[in-house]
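Since the structure comes first, as C-alpha cells, the remarks are kept for the end.
The values are calculated or read from the model by the stated rules, or taken from the named source; none is laboratory data. Every value quoted in this text rests on a predicted model; they were computed, and no experiment measured them. As a convention, Cβ positions derive from the backbone with ideal geometry for all residues, glycine included, and neighbour counts pool all protein chains shown. Side chains are part of the model used for accessible areas, which takes the heavy atoms of the whole protein and leaves out ligands, DNA and RNA. Shrake-Rupley method; radii C 1.70, N 1.55, O 1.52, S 1.80 Å.
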Amino acid sequence: MTWIRIGTGALMLAASGCASNMGAERLTVGEGFADPIGYHDPAPVFSWKLPAGVKKQTAYRIETVKAGVPLWDSGWVESDQSTLAAYGGAPLTSRDRIEWRVQFRDEAGREHPWSEPSHFELGLLAQEDWQAKWIRPAINSDPQQEPVAWLRRSFTVNEPVAAARLYVTARGLFELNINDSRVGRDRFANGWTSYHKRLDTLAYDVTGQLQTGENTLLAMLGKGWYAGRLGWEKRIDAYGNNPELLLQLEIAYADGSSDVICTDENWEATWEGPILASSIYDGETCDARKAITGWTPVVAGGGLGAARLTPKPFAPVRETETLPAQEITEPEPGRFVFDLGQNMVGWARVRIPVKQDETVTLRFAEMLNQDGTLYTENYRSAQSTDRYTAAETSVIEWEPHFTFHGFRYVELSGLPSGAKPQKDWVNGIVLHTDLSRIGAFESSHAKLNQLQSNIVWGQRGNFLDIPTDCPQRDERLGWTGDAQVFCPTSMFNYDCHAFWKSWLESMRDDQLPDGRIPHVIPGVLDWAGSPGWMDAAVIIPWEVYVRTGDLEVLADNFEMMEKLVAWYRSQSKDGLIPEIAAFGDWLQPYSEKNEGDTPAPLIGTAFYAHSAGLLANAARVLNREDEAKRYAAEADSVKQAFARHYFDAGGRLQNAPETQTAYLLAIAFDLIPSEMKQKAAGHLTRLVHDADGHLRTGFLGTPYIVGVLDQMGSSELAFDLLFKETYPSWFYSINQGATTMWERWNSYSHEDGFGNVEMNSFNHYAYGAIGQWMYERIAGLAPDPEYPGYKHFFVRPKIDKRLDWARVQLDTPYGIASSGWRRKKNGKVMLEFIVPPNTTATVEYPDGRKAETVAAGSYHCELNME
C-alpha cells in the first residue's frame with residue numbers, strides 16, 4: 001500500500017486542512033463492501049470515514065432510497081458511531097437496489113454536507129427466489145477422473161435490454177461465457193464451503209454482454225472440491241460424484257417486460273471437449289485438437305437440495321498480480337526452468353511456440369535440486385502438472401482453469417526442436433481471495449523487511465477461498481490450528497473481516513454434536529478434538545471483534561463457542577483435561593515426535609481455561625451478564641486447577657516436562673497468579689538461554705514467545721530471538737533463501753539440503769504469527785480490546801539497538817493510523833504517529849515519560865533514549 005507523509009510539529013496537531021465543507025467518504029456496507037451487487041445481508045450495517053481535519057463525530061444521519069423513492073431516514077442520531085451503524089427501515093428483499101448517503105456533525109456541532117451516494121444490490125436471499133433447476137451431463141463421469149463438463153443454452157433477445165443479472169452457483173467450480181465473452185473475473189467460483197449445509201451464490205451484471213437476436217450461454221464445470229480429489233487420501237466422495245450447475249439469468253427490458261433464462265431441461269451438456277482433466281491437485285490437461293462435441297440433453301431437477309443458497313459473503317478468488325520470469329536455465333536437455341523469483345500460488349500463463357500434435361508439459365516446484373532440476377518430492381502425491389497438446393503449429397497463449405499450484409519455478413518441456421525460450425514466454429498469475437491490502441510495515445533492517453514480505457506472501461498463497469495450511473502438496477486444507485495463531489497478523493495485512501466470518505460459518509456448520517471442532521474446515525477429515533486447533537472457534541471470533549468492533553461475529557458464533565467449552569467441561573476432572581489425542585506443540589524443534597514435548601493434558605487444560613475466559617469476555621460484550629459471570633468463574637476455576645497441578649511455589653513446572661511452550665501458555669493465558677508470573681518468566685528465560693538463545697517452540701508456543709518475554713521485562717531477549725540468524729529462527733530460513741514462511745525452520749538448508757519430504761511445505765503461514773508483535777511492538781500500533789475496531793488504540797513502540805527506524809501503517813475502520821520512529825544524528829529518536837478522525841490513541845512513550853491520550857491528528861516528538 002502507499003505510505004502517507006506524516007506532518008511535522010510538536011506533540012500536538014500538525015497543520016492540517018479545514019474539512020468544514022467536506023462530507024463523509026469511503027462509504028461501505030457490511031464488512032467493507034463498496035457498491036456490491038449480489039449482497040448477502042438484508043439487515044445491512046453502514047460505515048463511513050470522516051475527512052481529514054475532523055476530530056470527532058457527534059451525530060450522524062443516514063438516508064436510503066429505493067427506486068427513487070425515500071425508504072428510510074434515520075434522522076439525526078446523537079452518536080460518534082461511524083462504523084457498522086444498523087439499518088432501521090422496512091425489511092429488504094431479494095434484488096432490492098438501495099442508494100444511501102450519510103451526513104454528520106463534527107466536534108463543534110457543525111453539519112457537514114451529504115456524502116456522495118453509495119449503492120448496494122441484494123442477491124437472491126431465499127430458496128423461493130430460484131426458478132432454476134440443478135443440471136448436469138446425462139452421462140456420469142468416471143469418479144476416478146476429473147474431466148470438465150460443458151453446458152450450453154441459446155436464447156433470443158428481441159427488445160432493448162435495460163438491465164440483466166445473472167445469479168449462479170455450482171456443486172463444483174464454474175466459468176461462464178455469454179456470446180464468447182467471459183462473465184466476471186472470478187476464479188474457483190463458487191468457492192469451498194460445507195457444501196451439504198451451504199452453497200454460495202454469485203451475481204453478475206451482464207447487461208452489456210447481451211445482444212439483440214441470438215445469444216449463447218456456455219458454462220464450464222469442474223469437479224473442484226465438491227466432486228474431485230481431496231487431500232492425501234484422494235477422497236472423491238466427500239460431497240458428491242458429479243458437478244452440477246444452477247443458473248438464473250433475469251432480463252429486464254426497456255419496455256418494462258422481463259424474461260428469465262434458467263438452467264433446466266432446455267440445456268445441453270457434454271464431457272467431450274479440449275480439457276481432458278482439471279484437478280486442483282494434479283493439474284490440467286488440454287488437447288486443443290478436440291472440439292466440443294457429443295452434446296446431449298442434460299439431467300435436470302431433483303429439487304434445490306437441503307443446503308442454504310446464500311449470496312457469497314466475501315470476495316471471490318481473482319487474479320491479483322502477474323510475476324514475470326527472472327531467469328531461464330536448462331538443467332537437462334529440452335527442459336527449460338523459468339524462475340519467477342518468488343514462491344507464489346496460482347498458475348502459469350504461457351505464450352509459446354507449439355508444434356501440431358505435440359504436447360508441451362508444464363511442471364512446477366517451490367525449490368530446485370542441487371543440479372537445477374525441480375524438487376517436487378514435497379508435493380507428495382500431488383502431480384501439479386499441466387499439459388497442452390497443439391492443434392496446429394503456431395504460437396499459443398494458454399492458461400488452465402480449475403487447478404492451482406504452489407511454485408516459484410516452472411519447467412517447460414516438449415517445445416519444438418530448436419526453440420530458444422524467452423523470459424516473456426512464462427508469467428506467474430497470482431491467485432487468491434481478492435482482499436484489500438490495508439497494512440504495511442517496514443524497517444531499516446533488510447531481513448526484517450524480508451520476513452514481512454514472507455509473511456504477506458504466505459498469507460496470499462494460503463488465502464484461496466479458505467485459510468489453508470499449504471497450497472502445493474496433496475493437502476491444501478483449512479487447518480484450524482494454523483488459522484487461529486495467524487489470525488491477528490492476517491487482520492493487519494489484509495481486510496479479512498468478511499473472509500473470517502464466512503469461514504466461521506462453515507465451522508458452525510461442521511461442528512460435531514458433542515461440541516468438538518474438526519481439525520480442518522470444511523470438515524472433510526474424520527478427525528476432531530485437538531486443543532489449540534479446535535479453539536479457533538473461540539479465538540478467531542474474538543480476534544476479529546477486537547480488530548473490527550463487529551458484535552455480530554461474537555453473536556453469530558456464541559453458541560458454537562459455548563458448545564466447545566462445554567465439551568472441555570465434559571472431559572475435565574477436577575478442572576484438568578486428562579490424556580487426549582492431540583497435535584500438541586506441532587513441529588517443535590529438536591523433539592523426537594511431531595507433537596513436541598509439552599504434554600497434551602497441559603495444553604488441553606491451558607486452552608480450556610483460555611477459551612472459557614474469552615467466552616466470558618464475549619458474553620460481557622454482548623450484555624449477557626449471567627453467562628459472563630458463569631464462564632468467568634469457570635475459567636478462574638480451571639486456572640486455579642492448572643496452577644496447583646503444574647506449578648510449584650517457586651513458579652517452576654511440575655508434573656510435566658519443562659518446556660518453553662508450557663511456560664508461555666501459562667503466562668500468556670494468565671493461568672497462574674500474578675505473583676508467580678515473574679518467577680515462571682525466570683524459568684522461561686533460563687530455558688531460552690539453555691537453548692543457546694534459541695526458541696524450542698512449535699505451532700502453539702511460537703506465536704507467544706517474543707510477546708511474553710517482552711511483557712515480562714525481557715525485551716532484549718525477545719529481540720535476540722527475533723534477530724537470531726541460526727537454526728531455529730525466523731532469519732534462518734531467510735538465510736536459506738526463503739521468500740515465504742516455511743512449515744519447518746529447516747525445511748531446507750544449504751548445509752543439509754531438504755527436510756522431511758512427508759511434511760515439508762515452503763509456503764506455510766503459521767510461524768508468520770510473529771508479524772503481530774512486529775506491528776504492535778516494534779513499530780508500536782496496537783488495538784485496544786476495550787474499544788475495538790481501533791476506536792481507541794495504543795502507540796507503544798519498542799526501540800531496539802539493531803534498528804535505525806521502523807514504521808507501520810494501517811487503514812483502520814476509521815481511516816489511516818500509523819506509528820513510526822527513527823534515530824536522529826543527535827542520538828535522540830523521533831516518534832511520529834497518526835490518529836485518524838473519530839478515534840483516540842494512548843501514547844506509551846518508550847523513554848519512560850508519562851503516557852497520554854490524544855485525539856485525531858498527526859503528531860511527532862523527540863525521545864531521549866539515553
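Considering GLY53, GLY75, the condition of being under 22 Å from GLU107 (Cα atoms) and touching a Cys at 6+ places or on another chain (Cβ under 8 Å) is satisfied by GLY53 alone. The numbered conditions (1) over 18 Å from the mean Cα position of the chain (by Cα); (2) crowded, with 24+ Cβ neighbours inside 10 Å are all true for TRP479 except (1).
Selection of strands (runs of 3 or more DSSP E) fully inside segment 40-83 by the criterion of at least 1 residues being modelled with pLDDT of 95 or more and open to solvent by 60 Å² or more (accessible area, probe 1.4 Å) returns 57-66, 69-73. State yes or no: is GLU411 surrounded by 23 or more Cβ atoms within 10 Å (Cβ to Cβ), touching a residue at least 12 places away in the same chain (Cβ under 8 Å) and farther than 22 Å from ARG318 by Cα? The answer is yes for GLU411. Out of VAL360, VAL354, VAL395, one residue alone is modelled with pLDDT of 95 or more and open to solvent by 30 Å² or more (accessible area, probe 1.4 Å). It is VAL395. Screening segment 694-719 for residues that are in a loop (DSSP other than H, G, I, E, B), among the small types (Gly, Ala, Ser) and open to solvent by 10 Å² or more (accessible area, probe 1.4 Å) and picking the one that is farthest from THR659 (Cα to Cα) gives GLY713. The set of residues in segment 432-475 that are surrounded by 20 or more Cβ atoms within 10 Å (Cβ to Cβ), assigned to a strand (DSSP E or B) and touching a helix residue (DSSP H, G or I) at 6+ places or on another chain (Cβ under 9 Å) comprises HIS432, THR433, GLY439, ALA440, PHE441, SER443, PHE463, ILE466, PRO467. Scan segment 398-422 for residues that are outside any strand (DSSP E or B) and either under 11 Å from PHE336 (Cβ atoms) or in contact with a helix residue (DSSP H, G or I) (Cβ under 7 Å, 6 or more places away or on another chain) (or both) and the total you get is 7. Could you go through segment 670-690 and let me know if any residue there is open to solvent by 50 Å² or more (accessible area, probe 1.4 Å), outside any helix (DSSP H, G or I), closer than 27 Å to ASN594 by Cα and in contact (Cβ under 8 Å) with a residue 12 or more places away in the chain. Yes: one or more hits. Considering only segment 84-112, state which residues are β-branched (Val, Ile, Thr) and either within 23 Å of TYR790 (Cα to Cα) or assigned to a loop (DSSP other than H, G, I, E, B) (or both). Within segment 84-112, THR93, VAL102 meet the criteria. Among strands (runs of 3 or more DSSP E) entirely within segment 117-186, having at least 1 residues that are among the polar types (S, T, N, Q) and open to solvent by less than 50 Å² (accessible area, probe 1.4 Å) singles out 118-122, 161-171, 173-178. Which is in a helix (DSSP H, G or I), charged (D, E, K, R) and within 28 Å of the chain's Cα centre (by Cα), of ARG644, ARG630, ARG569, ARG620? Exactly one residue qualifies, and that residue is ARG620. The conditions of being within 25 Å of ASP96 (Cβ to Cβ), open to solvent by less than 20 Å² (accessible area, probe 1.4 Å), touching a Ser or Thr at 6+ places or on another chain (Cβ under 7 Å) and outside any strand (DSSP E or B) are met by THR193.
Inspect segment 770-781 for any residue being charged (D, E, K, R), open to solvent by 10 Å² or more (accessible area, probe 1.4 Å) and farther than 27 Å from LYS55 by Cα and give the result as yes or no. No, because not a single residue in segment 770-781 is charged (D, E, K, R), open to solvent by 10 Å² or more (accessible area, probe 1.4 Å) and farther than 27 Å from LYS55 by Cα. Out of curiosity, is ALA300 open to solvent by 20 Å² or more (accessible area, probe 1.4 Å) and farther than 30 Å from SER194 by Cβ? Considered against the rule, which asks whether it is open to solvent by 20 Å² or more (accessible area, probe 1.4 Å) and farther than 30 Å from SER194 by Cβ, ALA300 comes out as no. Annotation note: of GLY240, GLY283, the sole residue that is within 22 Å of THR359 (Cα to Cα) and not hydrophobic (A, V, I, L, M, F, W, C) is GLY283.
Scanning segment 244-280 for residues that are assigned to a loop (DSSP other than H, G, I, E, B) and open to solvent by less than 60 Å² (accessible area, probe 1.4 Å) gives SER257, THR263, ASP264, TRP267, TRP271, GLY273, PRO274, ILE280.
Yes/no matrix, rows are residues, columns are (1) of a type outside the set (Ser, Thr, Tyr); (2) over 21 Å from SER502 (Cβ atoms); (3) open to solvent by 10 Å² or more (accessible area, probe 1.4 Å):
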{"site": "ASP526", "(1), (2), (3)": "yes, yes, yes"}
{"site": "ALA536", "(1), (2), (3)": "yes, no, no"}
{"site": "PRO578", "(1), (2), (3)": "yes, yes, yes"}
{"site": "ASN594", "(1), (2), (3)": "yes, yes, yes"}
{"site": "PRO601", "(1), (2), (3)": "yes, yes, yes"}
{"site": "ALA612", "(1), (2), (3)": "yes, yes, no"}
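Here THR8 meets each of (1) of a type in the set (S, T, N, Q); (2) part of a loop (DSSP other than H, G, I, E, B); (3) at pLDDT 95 or above with one exception, condition (3).
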